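Input: a single structure, listed below in structure tokens.
What follows draws every value from the coordinates through simple rules; no lab data is involved. Note that this is a predicted model, so its numbers are computed, not measured. In this analysis, Cβ positions are derived from the backbone assuming ideal geometry, glycine residues included, and neighbour counts consider all displayed protein chains.
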Amino acid sequence: MAAAPVGDSLLEIAHANKVDIEGACGGETACSTCHVILRKADFDKVPEPSEAEEDMLDLALGLTPTSRLGCQVFAAPELDGMEVTMPKEVNNMQK
């Protein structure tokens, strides 16, 4: 995958790289369709989720202790090499 522009969300980066992730609300923290799972080491480097993000994560399938919404995690130099997975329960409604 190409280098990600600093400040872009994981959702934007995924879409730019043709990764099949929905993001139904367009990154407005109003759904959980961009739910991703971070490695613990990467999870510890990103800011804590907002209350709105936590509320949406409560609705996500396959929730883990390192789950985040892709629209709320942003590329930063300290995240270089970050690995992200999508939960196996993801059902992309855009197909």
Open item on the list: What is the distance in Å between the Cα centroid of segment 54-74 and that of segment 1-21?
Closed with: 17 Å
Task: segment 9-49: trypsin sites (Lys or Arg not before Pro) in DSSP loop, at most 14 other beta carbons within 10 Å - done: Lys18, Arg39, Lys45
Task: Label-reachable residues, segment 40-67, where backbone N falls under 18 Å from a point 7 Å from Val6's Cα toward its Cβ - done: 45-47
Task: Cβ-isolated cysteines (cut-off 4.7 Å), the chain - done: Cys34, Cys71
- [ ] Run down the aspartates and glutamates and flag those whose C-alpha is under 17 Å from the C-alpha of Lys88, throwing out any fewer than 8 positions away in its chain.
- [x] Asp20, Glu22, Asp58
- [ ] Run down the aspartates and glutamates and flag those whose C-alpha is under 13 Å from the C-alpha of Lys45, throwing out any fewer than 8 positions away in its chain.
- [x] Glu78, Asp80, Glu83
Task: Spin-label model distance (nm) - Lys88 vs Glu51, 7 Å beyond Cα toward Cβ - done: 3.6 nm
TODO: Considering the options Pro77, Ala4, Pro49, tell which one lies farthest towards the positive end of the dipole of the chain, charges being +1 on Lys and Arg and -1 on Asp and Glu at the Cβ, about the Cα centre.
DONE: Ala4
Open item on the list: For segment 1-86, which GluC sites (Glu not before Pro) pass both filters: DSSP loop (anything but H, G, I, E, B) and at most 14 other C-beta atoms within 10 Å?
Closed with: Glu28, Glu83
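Considering all projection directions equally, how large on average is the shadow of the alpha-carbon convex hull of the chain, in square nanometres? Provide the component values of the computation, followed by the final result.
Values: hull surface 22.5 nm².
Mean orientational projected area (the chain, Cα hull): 5.6 nm².
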Open item on the list: Defining a contact as two alpha carbons under 8 Å apart and six or more residues distant in sequence, what relative contact order in percent does the chain show?
Closed with: 39 percent
Open item on the list: How big is the dipole moment of the chain about its Cα centre under a simple scheme where the beta carbon of each Lys and Arg is +1, that of each Asp and Glu is -1, and everything else is neutral? Debye, nearest 20, please.
Closed with: 400 debye
